[in-house]
Amino acid sequence: MDNDDLRELGALLEAHSPTVARAEPRQQPNASCPLNGCPTEQTSAVDTHYVTSFGYETGERGREENCAERIARILAVGPSTKAGAA
């Protein structure tokens, strides 16, 4: 897995509105809740999967959009759902 995948994941995370910083040299996205800065999740590439700093597997390479959505939900900044929606 190369740094381009981590850059793409970081850009997708920003689209979900977390604050994202990138840790050098591998460009690991470090996302935090924009409302208070906590919690934060640093995501690493492990083999073909993305794993957060707390050890949660959040997705696999090639499915960065799904991974970004999961991380945004962990940070409570993901898309809201309407009550009663199926």
Counting only residues in the range 36-59 that are part of a loop (DSSP other than H, G, I, E, B) and touching a residue at least 40 places away in the same chain (Cβ under 8 Å), the one surrounded by the most Cβ atoms within 10 Å (Cβ to Cβ) is identified as T48
- request: Would you check if there is a residue in the range 10-24 being assigned to a loop (DSSP other than H, G, I, E, B), small (G, A, S) and at pLDDT below 80?
  value: yes
Every listed condition ((1) at positive phi; (2) surrounded by 17 or more Cβ atoms within 10 Å (Cβ to Cβ)) holds for G62 save (2)
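The values are calculated or read from the model by the stated rules, or taken from the named source; none is laboratory data. This structure is a prediction, so every number in the text was calculated from the model and none was measured. FYI the Cβ positions are ideal-geometry reconstructions off the backbone, even for glycines, and counts take in every protein chain you see.
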